[in-house]
Amino acid sequence: RVIDRGEVDFAKEFSIPFPSQVFLTLLGLPLDELDRFLTMKDGIIRPDHVTGKGYGSKAAQDYQQEIADSVYDYFDKMLDLREKERRDDLLSLFLDAEVEGDSLTRNDILDICFLFLIAGLDTVTATLDCMYAFLAQHPEHRRQLVEDPSLIPNAIEEMLRWETPVMGIARVAVQDTEVGGCPVHAGDQIMVMIGSANTDEAEYPDGEVVRWDRDVNPHIAFGGGIHRCLGSHLARMELRVALREWHKR
């Protein structure tokens, strides 16, 4: 829709709808449900923006709960349809899946669908926004991707490291410890700043420099350990396709 026009509102017309359209396709839902998906996503993630009330306010919380309930109701209805007729999609897969010999319960599946909605849409949008903003401001880096598309996978990893879209993750300490001279007690809520870790000069002597030729790039933009992002492979695929097809033109 934007190619012939020669200009684009990048967020509105590309980075926001793209990951949601991918999810609709994977879940076997019609693309004309895009607006509903975006409304549900924003209602959960940024109810303060939608309502115009402060985050944590009663109005924002009430709206967030209303949207959350609607998400469960929506997917419950979709699963009822798949119970009657299986298709080649994730919803059908969930209904037939087993974990260590046990089938997923309806509540299990609904929880998974809810998690997909809040975890896999806004993050890819934010990542695309960060990456394209960098490329728009650094034409020499963008030109390298146009001339040599084989650099795109490395470029994605480097931009994920340099400007980590999900900057921090909340955790609860399970034991008393000390981090950088700061005491941490069991039960304390802590915020792990993975964005800072990804430019840590002890790990990256030139961490503020964006290089497509960084052979070893142990960034933790997708977290690590048992909590590593489940959707990291899908996210990488979406980013690679987006940058490849965009720069072809």
Looking only at Met159, Met40, Met237, which one moves most when the chain is put into a Gaussian network model with springs between Cα atoms under 10 Å? Met237
For segment 139-249, build the convex hull from the C-alpha positions and give me its volume per residue in Å³. 114
Could you list which residues have their amide H under 5 Å from that of Gly28, counting only those 5 or more apart in sequence or on another chain, with H placed in the peptide plane? Leu90
Let me have the 222 nm mean residue ellipticity of the chain computed from DSSP H runs of 4+ only, each contributing -39500 (n - 2.57), with the sum over all residues rounded to the nearest 500. -16500 deg cm²/dmol
For the chain, what is the accessible area per residue in Å² when the probe is 1.4 Å? 60
In segment 1-46, the GluC sites (Glu not before Pro) that sit in a DSSP loop and have at most 15 other Cβ atoms within 10 Å of their own Cβ are Glu7
May I ask you to rank Arg5, Arg171 by accessible area, largest first, using a 1.4 Å probe over the protein chains only? Arg5, Arg171
For a test of understanding, tell me how many lysine pairs in the chain have Cα atoms under 23 Å apart, given they are 8 or more places apart or on different chains. 6
Hey, if you drop one equal point scatterer on each alpha-carbon of segment 191-249 and run the Debye formula without solvent, what base-10 log of I(q)/I(0) do you get at q = 0.24 Å⁻¹? -1.11
Using alpha carbon centers only, segment 85-106 is separated from segment 1-40 by a whole-angstrom value of 27
Most fluctuating residue of Thr105, Thr177, Thr25 in a GNM of the chain with Cα springs under 10 Å: which is it? Thr177
From the phi of every residue in segment 134-140, what ³J(HN,Hα) in whole Hz does the Karplus formula 6.51 cos²θ - 1.76 cosθ + 1.60 yield, where θ is phi - 60° and glycine or proline is x? 4, 5, 5, 8, 9, x, 5
Can you work out the base-10 log of I(q)/I(0) for segment 1-118 at q = 0.12, 0.16, 0.21, 0.24 1/Å, using the Debye formula on its C-alpha atoms alone? -0.54, -0.85, -1.16, -1.33
If I histogram all Cα-Cα distances within segment 111-201 using bins 5 Å wide from 0, what percent of pairs lands in each bin? 3, 11, 15, 17, 15, 13, 11, 7, 5, 2, 0
Under the Karplus relation with 6.51, -1.76 and 1.60 and θ = phi - 60°, whole-Hz ³J(HN,Hα) for segment 12-24, x at Gly and Pro, equal 5, 9, 9, 5, 6, x, 4, x, 5, 5, 4, 5, 4
Kirkwood-based Rg to Rh ratio, segment 159-212, C-alpha trace: 1.09
Translational diffusion coefficient (Stokes-Einstein; Kirkwood radius from C-alpha pairs) of the chain at 4 °C, 1.567 mPa s, in µm²/s: 63
Please find the FRET efficiency linking Tyr55 to Glu100, where r is the Cβ-Cβ separation and R0 is fixed at 45 Å, and quote it to the nearest 0.05. 0.70
Treating only the Cβ atoms of Lys and Arg (+1) and Asp and Glu (-1) as charged, compute the dipole magnitude of the chain about its Cα centre; round to the nearest 20 debye. 580
For segment 45-93, report the % of Cα-Cα distances exceeding 19 Å. 45
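The values are calculated or read from the model by the stated rules, or taken from the named source; none is laboratory data. Since we're looking at a predicted model, the values are computed, not measured. Counting neighbours? That spans all protein chains shown, and the Cβs are built from the backbone with ideal geometry, glycine included. With ligands, DNA and RNA removed, areas are computed over all heavy atoms of the protein, side chains included. Shrake-Rupley method; radii C 1.70, N 1.55, O 1.52, S 1.80 Å.
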